Amino acid sequence: MPDFGPLSFKVPEPPVRPGDEPDFSDFEVPKAGTVRRPEVDADADDMKDLATTMIRVLNRDGEAVGPWAIDMDREVLLHGLRSMLRTRAFDERMMTLQRQGKTSFYMKCTGEEAIAIGQQLALSQGDMNFPTYRQQGLLLCQDYPVVDMICQILSNARDPLRGRQLPIMYSSKKHGFFTISGNLGTQYIHAVGWAMASAIKGDTKIAAAWIGDGSTAESDFHAALVNASVYKPPVVLNIVNNQWAISSFQGLAGGDSATFAERAHGYGIPSLRVDGNDFMAVHAVSKWAIERARRNLGPTLIEWVTYRVAPHSTSDDPSKYRPREESEAWPLGDPVLRLKNHLIGLGLWSEERHLQAEAEFDEEIRVATKEAESYGVMGGGSSARDIFEDVYKDMPPHLRAQRQKMGV
Amino acid sequence: MVQMTMIEAVRSAMDVMLERDDNVVVFGEDVGYFGGVFRCTAGLQKKYGTSRVFDSPINESGIVGAGIGMAVYGLRPCVEVQFADYIYPAYDQLVSEAARMRYRSAGDFTAPITIRSPCGGGIFGGQTHSQSPEAIFTHVSGLKTIVPSTPYDAKGLLISAIEDDDPVVFLEPKRLYNGPFDGHHDKPARNWTSHPLGEVPEGHYNVPIGEAAIRRTGADVSIITYGTMCFVAEAAVAETGIDAEIIDLRTLLPLDIETISQSVSKTGRCLVLHEATLTSGFGAEIVAQIQERCFYALEAPIERVTGWDTPYPHAQEWDYFPGPARVGRALRSLMEVI
Ligand SMILES: Cc1ncc(C[n+]2csc(CCOP(=O)(O)OP(=O)(O)O)c2C)c(N)n1
Ligand SMILES: [Mg+2]
C-alpha cells in the first residue's frame, strides 16, 4: 500500500497543564439571550442546533434576557439563591470535618450549585432523581433534615443508612433522591426504567437522571439513551459537564469530538446545551424539559456546562493535573454571584441580606454539626449488628449463624 | 536491590516490561498524565510516551475489551481498573471473551492481557472501595488469578503476568501498598522500608505463577491465606504463640496444592483465611482440595475465617474485617480439638 504512510495513535490532551496559563480561548460563550426557545412539542430534528450552542439567560449586567428569560416566582428565586448559599456553607463545614478526622471522605460541588437546585425547584413531589455524589443541592434545597445528612457523613449512631455507605452517598425516597451508588453511571439506566414504569402504570411522575461528563463513557449511559430513544419515557437526562473527571479532562470522554449534548442526536432525543452557572437558564430549561416529560412527549437530554472548582474529593490534589488558576479563569463565572447580582438588580436582594444569609447558614450548619457530632464521629456509635440487617428482607439462617458467631 | 513500597514495585514491573518489550502498553482511568490514583503508573507516560502509557475513558468494559483487541493484534496490554469494586462492567469481556478465546479458536486467537486492580479493605472505603472479588475470577476457566502480598512478589509476579500468554487478573491488596498491615488498625502503620520483602531487585526477575510461599514454618497448624491476611495471620500467630505454618498462596489459580497438602499432611490442622465473603469464597475450593488429599492426616475439621456474608460496611469496618483477634480465636479452637 504505497499510498499510505504509517498510522499514528492519538490521545486527547487538555490545552493546558500545571505551570501553563489557563486557556479557554477555544471555549465559545454565546451572548446571553441569543439562543432560541422552541415549543415544547417541537421535533428533535428541528432543534439540533441547540446541542452545539449554549443557552444563557443572565447577561453581564445581571439582567435576565432573551426567550428563555421566563417569568419566575420571586419565592423560587430567593429560595434558589438561599439554597445555593446553604449548600456552600454545608460543603465548607464538611470539608473541615474531614480535615479534623471526623469523617473519612467528602466531595464538594462548588461552582455547580445552580444545576441541582435550579432543577429540583422545577420538579414536583413524587418525581424521582437518580443522582451522583455531586448533587447534594437536591436535598439541601428541600426539607431534608440537615442533621441526618451530617450523621450519614459521620457514619454515626443516627446515620439513616446505618453506617453502611461511604460519606455523602445519601438516600431518601421521600425526597425523590435515589440511593447513590459508588459505581459510576449505573443510575442513569435506572432513571429510564423508573420513568418507563411510571408510563406503564399511567402515573404522572417523571424521573431525572444525573451523570458527570466523565461517566458518560460508561456503557450504562448508552444503555439509558437507547432505551429512552425506544420507549420515550418521561425522563430528563442531565449531564453535568464540569470539565473534569478526577484528573481526566472532558476530551477523554469524547467531549472534543462532539458536545455531550450531541450524544442524543444519534438516538433522536431532543437535546440542549446550557450554561450551568446561570440559575435562570437552569431553571427555565429544566421546566421546559419537565413539561415535555409530563406531556408525554418523551425524554430530553441536557448538557449543563460548568466547572468543578473544588478538588474531585478530599483524596485529590488538582494542582497535579490542571493549572491552579484555571477555576478563576473559567468564563462562566460563579453561579452564586450571578444570581445574587440579578436579584439585587430586581430589588429582591441586597449585599446586606447576602451577608446575613451567609452568616445564618454558617450558623445553622455549625449548630447542626455540633448536634450530629454528639451522636458519634468517624463510625463511632454505629452498631455491628447492622452489618447483617438488610442483606435480605428476612435474614437467612447462615447470616443468623454468622451474627451469632460475631457475638452481637 | 532497593527498598520499595508495593506501589513502587508494581510501577517498576511495568517500567521494566515497557522497556524490554515494545508490545507492552499500559492504560486505564487516570493512569497516563496523572499516574494513577494510587500513583502506580507515575512517571511512565513521561518516559514511554502517550502511545504506550495513556488515560482511558471511564468505561471498564471498554478498557478490558480494547485491551483484549490489542492483545489479539499482538500487544501485551497491562490495564488498570481503578478499584476491583469497579471491575464488574468488564466481567463479560473477561469471562466470555478473554478467558475463552484460546479455547474457542483452538489457539488461533489468544488474549495475553493483564488486568491490574486494587482490592481489599482496611481503608475505610465503604462497599465500593473495599471488595475482594477474587473468587469470581478463579471460578472462570481460562483466567489466572494472582494476589501478591509483598513488594518483591508484586514485581516478580506482575512481570510474569505480563509475559504470560494467557489473561491474568492481578489483584493488589491496597492496604499493603504502603506497608505490611496486620489488622491492628489502632496501632501506628508500619511501612515497607524496614521489611525484608520490601527489598526488590531493580531489573527484571520473575516470581513464577502458580507457586505458593511459606512465610513461616511451623509444626502445629497450617494457615492457608493470601494478600493482607498473610500479615494478619503473622500477628495472630505471634499473639497466640501457636506454632503455625503460614502459606501465602500468591497465585490462586493455578493453585499450588502440593505445597498446601505437604504442609497440612505435616501439621494435621488447617485454617483458611481470606478477607472476601465466606460462601462460595476461594476458601471453599481450598478446603475441598485439602480434604481430597489430606483427609486421613486431618486431626480437626478445617476452619475458615473470612469476611462476613454481607456487603462491605463503612462504619463497622473493623467488626467486618477478619482481624488478628478473630484469627487467634480460630487458631486456639483448632488446637483444642483432640
Ligand atoms: C465504575 C466506576 N469506575 C470508576 C470509578 C472511580 N471514579 C469515581 S468518580 C470518577 C470520576 C467521575 O467523573 P465525572 O463523571 O465527570 O463526575 P464528577 O466527579 O466530575 O462530578 C471516577 C473515575 C467509579 N466510582 N466507578
Ligand atoms: Mg466531571
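For region B:31-140, which fully contained helices (runs of 4 or more DSSP H) count at least 3 residues that are over 28 Å from A:Trp244 (Cα atoms) and open to solvent by 10 Å² or more (accessible area, probe 1.4 Å)?
B:101-104, B:135-138
Looking at (1) open to solvent by less than 10 Å² (accessible area, probe 1.4 Å); (2) touching a residue at least 60 places away in the same chain (Cβ under 8 Å); (3) within 12 Å of ligand 2 (Cβ to nearest atom), which one does A:His283 not meet, given that it meets all the others?
Status for A:His283: all satisfied but (3).
Looking only at residues in region A:259-278 that are closer than 30 Å to A:Val336 by Cα, surrounded by fewer than 24 Cβ atoms within 10 Å (Cβ to Cβ) and away from chain B (no Cβ under 14 Å), which one is farthest from ligand 2 (Cβ to nearest atom)?
Checking each candidate, the answer is A:Glu262.
Inspect region A:173-181 for any residue being within 14 Å of ligand 1 (Cβ to nearest atom) and not charged (D, E, K, R) and give the result as yes or no.
Checked against the condition, which is being within 14 Å of ligand 1 (Cβ to nearest atom) and not charged (D, E, K, R), region A:173-181 yields at least one hit.
Under 6 Å by Cβ, and 6 or more places apart or on different chains, what pairs join a residue from region B:1-15 that is among the basic types (Lys, Arg) with one that is assigned to a loop (DSSP other than H, G, I, E, B)?
Going by the 6 Å Cβ cut-off, the qualifying pairs are B:Arg11/B:Cys40.
Would you call A:Leu355 under 21 Å from A:Ala281 (Cα atoms), part of a helix (DSSP H, G or I) and open to solvent by 70 Å² or more (accessible area, probe 1.4 Å)?
Answer is no for this residue.
Return the residue satisfying two criteria in turn: it lies in region A:397-408 and is facing chain B (nearest Cβ under 9 Å) and at pLDDT 95 or above, and of such residues it is most open to solvent (accessible area, probe 1.4 Å).
Ranking the candidates gives A:His398 first.
So B:Thr310 clears everything in (1) closer than 21 Å to B:Thr267 by Cβ; (2) within 10 Å of another protein chain (Cβ to nearest Cβ); (3) not hydrophobic (A, V, I, L, M, F, W, C) except one condition, right? Which one?
Status for B:Thr310: all satisfied but (1).
Please determine whether any residue of region B:248-263 is crowded, with 23+ Cβ neighbours inside 10 Å and closer than 24 Å to B:Thr128 by Cβ.
yes
Under 7 Å between Cβ atoms, at least 6 apart or on separate chains: pull out the pairs that start in region A:312-334 with a residue that is free of Cβ contacts under 8 Å to residues at least 60 places away in the same chain and end on any residue that is open to solvent by less than 30 Å² (accessible area, probe 1.4 Å) and away from ligand 1 (no atom under 13 Å from the Cβ).
If the second residue must be open to solvent by less than 30 Å² (accessible area, probe 1.4 Å) and away from ligand 1 (no atom under 13 Å from the Cβ), the pairs left are A:Gly333/A:Asn277.
Can you report the number of residues in region A:192-223 which are open to solvent by less than 30 Å² (accessible area, probe 1.4 Å), more than 14 Å from chain B (Cβ to nearest Cβ) and small (Gly, Ala, Ser)?
Selection size over region A:192-223: 5.
So that you can scan it fast, the table gives a plain yes or no per residue for (1) within 16 Å of ligand 1 (Cβ to nearest atom); (2) more than 13 Å from chain A (Cβ to nearest Cβ); (3) free of Cβ contacts under 8 Å to residues at least 24 places away in the same chain; (4) over 19 Å from B:Gly62 (Cβ atoms):
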| position | (1), (2), (3), (4) |
| --- | --- |
| B:Cys78 | no, yes, no, no |
| B:Tyr86 | yes, no, no, no |
| B:Ser132 | no, yes, no, yes |
| B:Gly142 | no, yes, no, yes |
| B:Val147 | no, yes, no, yes |
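Just the residues that are open to solvent by less than 20 Å² (accessible area, probe 1.4 Å), more than 16 Å from ligand 2 (Cβ to nearest atom) and facing another protein chain (nearest Cβ under 10 Å), please, taken from region A:166-188.
If the condition is that a residue be open to solvent by less than 20 Å² (accessible area, probe 1.4 Å), more than 16 Å from ligand 2 (Cβ to nearest atom) and facing another protein chain (nearest Cβ under 10 Å), then A:Leu166, A:Pro167, A:Met169 are the ones that fit.
Of all residues in region A:229-258 being of a type in the set (A, V, I, L, M, F, W, C), surrounded by 24 or more Cβ atoms within 10 Å (Cβ to Cβ) and under 27 Å from A:Asp203 (Cβ atoms), which is nearest to ligand 1 (Cβ to nearest atom)?
A:Val240
Having 1 or more residues that are among the small types (Gly, Ala, Ser) and modelled with pLDDT of 95 or more is the bar; report the helices (runs of 4 or more DSSP H) wholly within region A:123-220 that clear it.
Answer list for region A:123-220: A:137-140, A:186-200.
When you go through A:Trp288, A:Trp244 one by one, which is the residue that is in contact with a Phe, Trp or Tyr (Cβ under 9 Å, 6 or more places away or on another chain), within 15 Å of A:Phe24 (Cβ to Cβ) and aromatic (Phe, Trp, Tyr)?
A:Trp244
Could you tell me whether B:Tyr205 is closer than 30 Å to B:Glu97 by Cβ and modelled with pLDDT of 95 or more?
Here the answer is no, as B:Tyr205 does not meet what is asked.
Identify the residue in region A:283-322 that is assigned to a helix (DSSP H, G or I) and within 16 Å of ligand 1 (Cβ to nearest atom) and, among all such residues, is farthest from A:Gly266 (Cα to Cα).
A:Lys320
Against the definition (within 14 Å of chain A (Cβ to nearest Cβ) and open to solvent by less than 50 Å² (accessible area, probe 1.4 Å)), how does B:Gly281 come out, yes or no?
yes
The values are calculated or read from the model by the stated rules, or taken from the named source; none is laboratory data. All figures in this text were calculated on a predicted structure; none of them were measured in a lab. Cβ atoms come from the backbone with ideal geometry, glycine included; neighbour counts cover every protein chain shown. When the accessible area is computed, the model is the full protein with side chains, heavy atoms only, and any ligands, DNA or RNA have been set aside. Shrake-Rupley method; radii C 1.70, N 1.55, O 1.52, S 1.80 Å.
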